[in-house]
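Asker: Below is the structure I would like to discuss, written out as structure tokens.
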Amino acid sequence: MICWLPVAAGLGAVAYLALPFEPSVLCVVLATVLPVLAGVSCFWRGWQRLFPRLLGFALLAAATGFGDLALQARMQPPMPMLPTHATVVTGRVQSLEILPPRSDDEDDGHRITLADAVFDTPVDAGMAPLRRTLHLRLRDDDGLLPEPGSTIRLRAMLRSPPPPSWPGGRDLQREAWFSGLAGSGYALGPVSIVDGPSRRFRIASGIESLRETIALRTDTALSDQTAAIAATLLAGEAGSIDQHTRETFSASGLAHLLAVAGLHLGLVMAAVIVTLRCGLAAIEYVALRWPCRQIAVVCGLLAGAGYVVLTGAHLPSLRALGMASIVTLAIVTGRRVLSMRSLSIVALLILLVSPVSVVDVSFQMSFAAVMGLIAGYGALREPLMRLRGEGEWYRVLASHCAALVLTSLLAGLATLPVSMAHFGALQPWFVLANLVAVPLAAVWIMPAGLLALVAMPFHVEAPFLKLMGMGIQIVQILAERVAAFPMAHQPVPAMPGWGLLLVMLGLSFLCLWKGRVCLCGLLPVAVGLASIWLAPKPDILVSPDAGLMAVRSQGTLLVGPHSSLERRTLEDWQQALALPVAPLPSDCLSGPCRIGIGSQTVLLRVRDSSDGNMLPTAAQCEGVSLFISASPARKGCADVPSIDRFSVWRDGAYSVFAGRGLSVVSDRSWRGNRLWVPPVGWHGMPTLPLAQSE
């Protein structure tokens with residue numbers, strides 16, 4: 001029963017996010033209290049029967065997830081109004097991150113997270129420090145890298161989180177609302193240090209300095225992307241990994257090796273546990289009198305906690321550490337180590353602390369993988385035991401090889417739909433790549449990296465880093481070879497939200513239910529996967545500033561002229577539709593042009609130097625069902641609906657679907673009136689100065 005509680009809590013959180021409006025406090029209270037009362041009533045009246053108890057617990061958990069997320073959404077500080085021009089910013093450095101170079105002849109870039117920021121403008125004079133953080137990219141030629149905790153001053157250009165590139169696309173404004181981010185920008189001048197780290201932030205500053213030292217020594221001992229991958233595994237500094245390496249590892253199904261998460265924590269803990277267990281067992285007195293297994297596991301957990309802190313304490317690694325803590329507790333108390341119950345407890349705790357994690361890709365992939373492994377090994381335990389037999393060496397070797405194949409297959413199949421939904425790609429060769437790469441990481445790369453960390457205080461880490469680099473190079477070659485296989489990285493269209501929900505529910509039923517009835521979970525998984533091709537696709541897309549338009553025609557995405565600022569929008573459209581890009585017909589570049597969409601005709605004006613003053617002719621407007629203009633439409637076609645610069649200013653990006661008629665969907669109508677969706681004309685809460693006196 002407890003295994004279904006996080007599923008119900010997650011459904012409650014999803015129900016809140018799916019609302020087309022922001023519920024009032026009274027609605028939130030009613031939506032929370034009424035299911036709770038219904039759940040208590042069901043449980044109280046039918047506590048001796050299974051179905052009322054299940055229904056009662058489900059209602060309680062769903063109401064908890066809904067109310068918890070609604071409460072956390074309202075507790076977030078409002079989005080501040082950021083300066084629209086270059087301004088001088090003063091704030092405290094929270095963290096420093098290495099970014100990949102923008103070109104081959106440039107050095108690595110750096111990005112800082114700035115807290116307690118204050119703007120030096122006449123309007124913001126005397127303002128209170130921002131309650132949200134800023135992401136700022138430093139100049140590439142700036143040789144001064146501030147320490148975390150220090151107060152700095154720099155001239156920067158800021159911008160608020162952008163809206164989705166298309167209705168239904170990734171919502172960066174919602175992510176920023178819950179993460180505490182106010183916006184991002186880039187430095188226009190060098191950094192000047194106002195004050196060093198205070199005593200309060202010395203520990204965080206020391207950890208960040210240690211991470212930078214490890215990355216620097218790794219870069220000294222190794223070269224190019226091998227050093228970047230090693231720095232990621234040892235210190236969590238993933239910014240130096242270039243786009244080519246990321247695409248190669250993604251195409252081969254090895255992208256999880258570049259993100260410090262549960263796999264790396266498990267390898268670190270396994271290396272420490274095996275080493276200590278063997279060392280203690282080699283001492284006769286200790287082996288006979290001490291609980292060697294429990295000691296090794298507790299020390300492994302402490303080493304894993306230190307590794308999580310060293311690599312930046314990211315949310316996926318913290319979730320894995322929580323799971324490892326429960327596993328350690330089970331070993332110490334003599335309970336079953338891996339079970340759905342322990343996984344459910346961790347998932348429920350995470351959803352109670354951060355219910356918005358239910359839509360986070362790392363949360364979905366990590367728990368889908370672990371859930372698939374536990375359920376798969378539970379179902380195949382007897383065949384694996386028969387394969388092992390009486391312990392003959394060849395049977396043991398065969399069982400280990402089968403376990404490696406099963407681990408890659410089960411975890412890969414469980415996370416494949418989630419990967420397709422979030423990244424828009426299918427990697428059919430992931431089992432082959434992981435079959436070699438994961439054992440290499442377990443027995444070669446990570447143990448050598450741990451030895452390098454131990455040897456760094458004595459400045460003798462170079463041999464261990466070289467050994468680690470040799471293993472990483474083998475994985476790099478493997479990734480290159482697998483990525484070159486036919487159909488290694490097959491783009492797929494975007495999966496709708498309801499399709500991903502069906503996939504996760506079907507996977508939960510398949511893994512959590514007992515008996516052959518669990519196979520019924522394959523049906524919603526299949527429907528969710530089919531939704532990729534069943535869901536209607538937009539025929540015309542208009543960017544949030546009307547600076548970019550695209551038409552889907554004969555398996556190609558025809559796009560108009562655009563600036564470099566629209567590159568991210570175009571990439572999002574390509575991923576959503578999984579189509580190659582081609583330019584619009586030449587007649588669309590010189591003036592309004594007519595485009596046939598199904599049985600309808602649309603008039604496009606992708607470029608207009610007259611700012612809408614030159615209206616379309618009557619011949620161009622004849623038989624037109626929709627007029628789309630990058631400039632103000634100014635009723636250029638009488639009695640014809642239009643999408644222009646003012647439309648996207650009010651309602652964001654647009655999608656047009658062709659059927660019996662034209663269906664127009666705006667981003668505002670898709671997301672609704674939510675806390676993280678700024679009202680029309682709203683640029684944020686003004687940073688009013690503090691009162692001089694009460």
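Just so it is clear, none of the values below were taken in a lab; they were calculated from the coordinates. Here the structure is a predicted model, which is why all the values come from computation and not from measurement. Cβ: placed from backbone, ideal geometry, glycine included. Neighbour counts: every protein chain shown.
Asker: Want the number for Arg170 to Thr121: 0.36 nm per residue separation, take away the alpha-carbon distance, what's left?
Answerer: Here the answer is 14.3 nm.
Asker: Between segment 224-274 and segment 407-421, what's the alpha-carbon centroid distance in Å?
Answerer: Cα centroid to Cα centroid, the span is 18 Å.
Asker: Another question, if that's okay. Report, in cubic angstrom per residue, the convex hull volume of the C-alpha atoms of the chain.
Answerer: Considering the Cα atoms of the chain, their hull volume per residue is 223 Å³.
Asker: Any chance you could run the full-extension gain for Leu688 through Cys520? It's 0.36 nm times the residue separation minus the Cα-Cα distance, nm to one decimal.
Answerer: Computed gain between Leu688 and Cys520 is 54.7 nm.
Asker: To continue, here is another question. Give the angle, between 0 and 90 degrees and rounded to the nearest 10, that separates the Cα long axis of helix 567-577 from the longest principal axis of the Cα atoms of the chain.
Answerer: Taking the Cα atoms of the chain, the angle to 567-577 is about 70 degrees.
Asker: Tell me whether segment 440-482 comes out rounded, prolate or oblate; compute the Cα gyration tensor, take square roots of the eigenvalues as a ≥ b ≥ c, and use a/c under 1.5 as the rounded threshold.
Answerer: prolate
Asker: Next question, about the same structure. Please express the shape of segment 87-197 as an equivalent ellipsoid: the semi-axes are the square roots of 5 times the eigenvalues of the C-alpha gyration tensor, given largest first in whole angstrom.
Answerer: Result for segment 87-197: semi-axes of 23, 20, 13 Å.
Asker: Also: FRET efficiency for His314 and Ser192, Cβ-Cβ distance as r, R0 = 35 Å, nearest 0.05? Walk me through the numbers before you get to the answer.
Answerer: Working: r = 30 Å, r/R0 = 0.86.
Using R0 = 35 Å, I get an efficiency of 0.70.
Asker: Of all the stretches in the chain, which is the longest one without any exposed loop site, taking chymotrypsin sites (Phe, Trp or Tyr not before Pro) in a DSSP loop (any state but H, G, I, E, B) with at most 15 other Cβ atoms within 10 Å? Walk me through the numbers on the way to the answer.
Answerer: Working: sites that count: Trp47, Trp682.
Answer - 48-681.
Asker: Moving on to the next point. Quick one: if you stick a label point 7 Å off each Cα along the C-beta vector at Thr333 and Val527, how many nm between them?
Answerer: The two pseudo-label positions are separated by 3.9 nm.
Asker: Next question. Mind giving me the FRET efficiency for Trp290 and Ser24? R0 is 56 Å, r the Cβ-Cβ distance, nearest 0.05 is fine.
Answerer: 0.40
Asker: So what is the relative contact order of segment 303-359, in percent, for Cα pairs below 8 Å that sit 6 or more residues apart? Spell out each step's value before the answer.
Answerer: Details: 24 pairs, mean separation 14.0, N = 57.
Here the relative contact order equals 24 percent.
Asker: Mind giving me the FRET efficiency for Val361 and Leu34? R0 is 25 Å, r the Cβ-Cβ distance, nearest 0.05 is fine.
Answerer: Efficiency computed from Cβ-Cβ geometry: 0.20.
Asker: May I pose another question? Please say if segment 219-491 is rounded, prolate or oblate, where rounded means a/c under 1.5 for a ≥ b ≥ c the square roots of the C-alpha gyration tensor eigenvalues, and otherwise the choice is prolate for a/b larger than b/c and oblate otherwise?
Answerer: Rounded is the answer for segment 219-491, as its axis ratio a/c remains below 1.5.
Asker: Taking the Cα-to-Cβ direction at Phe646 and at Ser590 and moving 7 Å from each Cα, how far apart do the two end points lie in nm?
Answerer: The two pseudo-label positions are separated by 3.0 nm.
Asker: How large is ³J(HN,Hα), in whole Hz, for each residue of segment 651-656 in order, when computed from phi with the Karplus curve 6.51 cos²θ - 1.76 cosθ + 1.60 and θ = phi - 60°, using x for Gly and Pro?
Answerer: 10, x, 5, 10, 10, 10
Asker: Need the list of aspartates and glutamates near Lys466 for cross-linking: C-alpha distance under 14 angstrom, and skip anything on the same chain fewer than eight residues off.
Answerer: Asp219, Asp224
Asker: According to a simple spin-label model (label point 7 Å from Cα along Cα-to-Cβ), what is the distance in nm between Ile283 and His562?
Answerer: 6.4 nm
Asker: Over all pairs of distinct alpha carbons, what does the Kirkwood formula give as the hydrodynamic radius of segment 168-295, in Å?
Answerer: After inverting the pairwise mean of 1/r, the radius is 19.2 Å.
Asker: Quick one: check the C-alpha center-to-center distance for segment 533-565 versus segment 627-669, whole angstrom.
Answerer: The two parts, judged by their Cα centres, are 13 Å apart.
Asker: Just to be sure I understand: if I project the alpha-carbon convex hull of segment 540-671 onto a plane and average over all orientations, what area do I get in nm²?
Answerer: So the Cα hull casts an average projection of 7.8 nm².
Asker: Roughly what % of DSSP beta bridges within segment 540-671 run antiparallel, to the nearest 5?
Answerer: Counting only bridges with both partners in segment 540-671, antiparallel ones make up about 70 percent.
Asker: Additional query: Net charge within 14 Å of Gly469 by Cβ-Cβ distance, Lys/Arg positive one each and Asp/Glu negative one each, not counting Gly469 itself?
Answerer: -1
Asker: Any idea what angle helix 430-440 forms with the longest principal axis of the chain, computed on alpha-carbon atoms, 0 to 90 degrees, nearest 10?
Answerer: Approximately 50 degrees, to the nearest 10.
Asker: When Lys and Arg each count +1 and Asp and Glu each count -1, what net charge do the other residues less than 11 Å away from Ser184, Cβ to Cβ, add up to?
Answerer: Residues near Ser184 contribute +3 overall.
Asker: What number comes out for the charge environment of Pro78, summing +1 per Lys or Arg and -1 per Asp or Glu over other residues with Cβ under 11 Å away? It would help to have the intermediate numbers written out before the result.
Answerer: Numbers: positive: Arg74, Arg131, Arg132; negative: none.
Residues near Pro78 contribute +3 overall.
Asker: Find, among the GluC sites (Glu not before Pro) in segment 133-235, those assigned to loop by DSSP (not H, G, I, E, B) with at most 15 other beta-carbon atoms within 10 angstrom.
Answerer: Nothing satisfies the criteria.
Asker: Which distance in Å, rounded to a whole number, links the C-alpha centroids of segment 592-609 and segment 162-184?
Answerer: Centre-to-centre distance over Cα atoms comes out at 30 Å.
Asker: Also: Return one number: the angle in degrees, 0 to 90 and rounded to the nearest 10, between the long axis of the Cα atoms of helix 497-512 and the longest principal axis of the Cα atoms of the chain.
Answerer: Long axis of 497-512 versus the principal axis of the chain: about 20 degrees.
Asker: For the chain, what is the percent of antiparallel DSSP beta bridges, rounded to the nearest 5?
Answerer: 75 percent
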